Structure formats: structure tokens, C-alpha cells
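Take a look at the structure set out below.
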Amino acid sequence: MSKTVGKIFGGGAEASTSMYGGEQEILNYLNNYNTTNYDQTLNNLTTYAANASNQLNNMGNYNFSISASDDARQRAEQAVYNSYLNKLQPQFANQTSDLATRLANQGISVGSDAYSRAMTDLQNTQNNALNQAAYESVLAGQNAYSKSLNDQLVAAGFSNTAQSNYINQLLQALQNSYSGYDIAMDKYKVQSGADNRIAQNQQYNNQMYQNTGNQFLSSAISAATPFLLSDERLKENAIPVGRLDNGLTVYCFNFKGSHVPLIGLIAQEVQKVIPAAVIEGDDGFLRVRYDVASKPLPARKNATSSKNKEN
């Protein structure tokens, strides 16, 4: 309301409350920018990504742990040990037979101490060979286990890499896609910037128009003026816009039946403070003489000063 009053009285600032030419040019450019190709490309990419993502269920899960085959270890151990036995047992039989023949030729009879010592030494040698075969078979089992573990690791790594590459392919398909959303956001930034500036300018103008209205009122009531119709019963939309030095409130209002905004006082309020500034017209409504109503109130004398004067 005070903005309209300020304009009526011909004062106040006029900060721009409309779109700047540059802002409008940017918006015109963005509004006419064709994003059909971008939007179609994005639609194709998102469709491809959606279809491709349906294949993720066929790729299995990521491998976070692996285990080697103990069966492979046992098979390797048994195979190596059996291979050694197949070679050693015929050798052991031949060695025993040859030793028995040599001992007999030397006149050493079975059951003699010399015969027993010779046979014990041969058995110890043969046992050492069996122990070495067992060691070699265990080593072969461990190697088989390690190979199985490594094979599992390679297989899991390949599976995980394939899964990651597939997902990365989907993500890359969705990147670097430009659409009408970017245009909309640019338009929003330009429009919101203009809206904020316009709102600030409107607020500034409102304040300046209000100040102008108050200045007009001060100028009007400083001159000799007749009694003006100012009865509260005839006014509506009264909004306080200032205050006189004597404490009376200045309002922006309009008379009932009229939309023209005016600045003035409320007669009923003036009557309570400065009765001499208010009269009642023949129509029964109150009128205010503004040059009287705007005068400062006389200073009140305190009771002590009055009592001293009486004494």
C-alpha cells in the first residue's frame, strides 16, 4: 500500500523491479535451446543400462573368499607314494635276495648274528627310501593344494573383474549425458537471481515510498489547513506508517467505497490527545485540523514545581 501512496505523491526511489535485458536474453536463449539430441541420447543410454543391468543376476555374486581342494592334495600324495612303491618294492625284493645269496656264499648262515646285522642294515636302507618317498608324496600333495588354491584365486579374480568391468560399463554409459534438466537448472538460476534482485528492489522502493508519504504528510500539516474529514468510521485498511512528534500515529488508508490510498490521522485518536484539533460536522462525522493536530504537546509541569509556585 505504501508503494502506491509513494507513487501518488510523486516521490521515492525507482530501483528496477523488472527483468534486466541481459537476464531476459539468457532466458530467451535457454528457452530456445534444443535439447532433443541430448534427451534422446540419454534415453537410449538409460534404456541400454536398464536392459544390461538385468543380466547382472546371471553373473553370479562377487567372490570374497576361496578355498583349495583337499581332495586334490590327497590324490597327489597317494599317487606319488604309490608311484614310489611300485618302483621300490621290486628293488627291495631283489636286494634282499641278492644279499641272502652273498651271505650264503660267504658261509654266513641264516639266524647268525652276522646274517641278522646284514639284513637289518638292508632294511634300514630300504626304510629310508620309503621315508623319502613319503616326504616326496607329502610335498607333491602340498604343491597340488597350493595350485588348487591359486587356481581358485585366479578364477575368483577373473569373475570379480568381469563383474566390475560390466558394472563400470553401465556406469560409463550413464556418464557425460546432457539433457533438458541442465537447461532447466540454468534457467532456474537466472530466474531466481532476477527474482531475488527484484524482491530486494521492491522492498527498497516500498521503504522509500513510505518515507516520501511521511514527508508529504509533514509538509501538508505544517501549513494552515481546514478541518479535513478523518472519522475512523469512514476509513478502512488503516496501516500505521509513521508517528508524529506528539505521539499520534500516521496511517495509510482508504475511505470506504474508494480504492485510492491516502495518508492521515484517525480523528478519534486525535480527539483524545488534542481535542481542539477535532470538530464534529453537520453530518455527525469527525474532522481534524492537521496543522493543530501536528503541534507538539506542551511540556507537563511536575507537582513539586506547581506546589512551590502556589506557596
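The values are calculated or read from the model by the stated rules, or taken from the named source; none is laboratory data. Model, not experiment: these values are computed from the prediction. Don't worry about glycine lacking a Cβ; one is built from the backbone with ideal geometry, like all the others, and counts go over all protein chains shown. The protein model used for the area step is the full one, side chains on, heavy atoms only, and it has no ligands, DNA or RNA in it. Shrake-Rupley method; radii C 1.70, N 1.55, O 1.52, S 1.80 Å.
Between T249 and R102, the distance separating the two model label sites (each 7 Å from Cα on the Cα→Cβ line) works out to 13.5 nm.
Heavy atoms only, 1.4 Å probe, whole protein assembly: order I183, I108 by accessible area, highest first.
Working: I183 15, I108 40 Å².
Most to least solvent-accessible, the answer reads I108, I183.
Expressed as a whole percent, the accessible surface of the range 225-279 that belongs to carbon and sulfur atoms is 58, based on a 1.4 Å probe. Computed extension length for A79-S112: 7.9 nm, one decimal, from 0.36 nm per residue of separation with the Cα-Cα distance subtracted.
The range 238-285 and the range 83-111 have Cα centres separated by 141 Å. Taking all protein chains as shown and a probe of 1.4 angstrom, Y29 keeps an accessible surface of around 140 Å². Segment L297..A156, full-extension length gain: 41.1 nm, with 0.36 nm per residue of separation and the alpha-carbon distance subtracted.
For the set M185, M119, the ranking by accessible area, highest first and with no ligand, DNA or RNA atoms included, is M185, M119 under a 1.4 Å probe. Residues whose amide H falls under 5 Å from that of V250, counting only those 5 or more places apart or on a different chain, are V241, G242, R243, L244, with hydrogens built in the peptide plane. In a fully extended conformation the segment linking A93 and L228 would gain 34.0 nm over its present Cα-Cα distance, using 0.36 nm per residue.
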